[in-house]
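Here's the structure, in structure tokens; my notes come after.
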Amino acid sequence: MAVHNESLSGKFYLLNIILLGALLGLVEAGLGGFIRKAGLPLRGPLVTGMGFALMALGLAVFKQARVIPGIAVIGVLSKWLAVPLLGLPLFCQANAHLAILLNGAFLFAAVGMFKRRVAGGWRPKSAVAFGAAFGAGASFFALGRFVAPCRHLLSFHYAGGTAAYMLTRVVPAALLAALMFPLGYALGRKLETMILPLWLQKKWFVFPVFSAFTLACCGLTFWLTSAGF
């Protein structure tokens with residue numbers, strides 16, 4: 001790149017996290033809700049994989065690890081805003097929000113510790129994503145039962161339940177994260193060549209277009225949440 005992303009204003013950072021965070025919230029509500037309503041397996045792992053792809057895309061465009069927790073926080077906010085507006089309990093979907101935050105936190109830590117590996121080929125990227133998703137999944141199982149114990153987590157409260165959860169939920173999520181993270185990063189590198197010059201030369205065009213897209217994502221997330229997704 002001719003211009004290092006770190007030299008750009010905080011507005012470009014906000015643009016990344018708000019846009020991708022809103023998209024993450026929509027994916028969580030839309031894809032996750034569709035899989036649950038259709039009775040299909042691997043809802044959690046598939047949503048995790050898509051989340052890692054979006055965070056990788058943001059990392060490839062912005063080049064700084066701090067974009068990852070930003071995307072995760074905005075993703076949670078875009079989902080949570082629908083909760084009070086619909087008159088639902090404030091801690092409704094608390095576990096889903098916890099999972100997003102843990103994924104962002106562990107990926108942020110992993111990218112920070114293994115910067116050079118992330119800058120390498122697809123295998124190092126996959127290894128970093130696998131470790132982050134595995135750590136986040138294990139932590140979610142340990143914490144989720146105390147934050148908002150749901151029927152799904154409590155169903156693993158038996159001898160050998162922890163091992164079963166790790167094998168059927170955490171490992172598949174880590175494998176899909178390992179697959180999707182390099183793909184999201186590669187897509188981000190492609191989009192970077194278009195987004196950055198556009199941002200530098202035509203901010204007047206980027207702001208309204210991206211704002212409209214963000215509002216559309218938030219609106220769809222609100223509608224999906226109200227529909228029970």
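Nearest 10 degrees, 0 to 90: what angle lies between the long axis of helix 94-113 and the longest principal axis of the chain (Cα atoms)?
With rounding to tens, the tilt is 50 degrees.
Report the equivalent ellipsoid semi-axes for the chain in whole Å, largest first, defined as the square roots of five times the eigenvalues of the gyration tensor built from alpha carbon atoms.
Values: eigenvalues 175, 100, 35 Å².
The answer is 30, 22, 13 Å, longest axis first.
Taking the range 90-160 as the region of interest, what is the percent of Cα-Cα pairs per 10 angstrom bin, listed from the shortest bin to the one with the maximum distance?
Reading upward from the zero bin: 20, 40, 25, 14, 1.
If contacts are Cα pairs under 8 angstrom and at least 6 residues apart, what is the relative contact order of the chain in percent?
Numbers: 305 pairs, mean separation 77.4, N = 229.
Value for the chain: 34 percent.
By how many degrees, between 0 and 90 and to the nearest 10, does the Cα long axis of helix 10-38 differ from the longest principal axis of the chain?
30 degrees
None of the figures in this text is laboratory data; all of them are computed from the coordinates on show. The shown structure was predicted, so the numbers you read here are calculated from the model rather than taken from an experiment.
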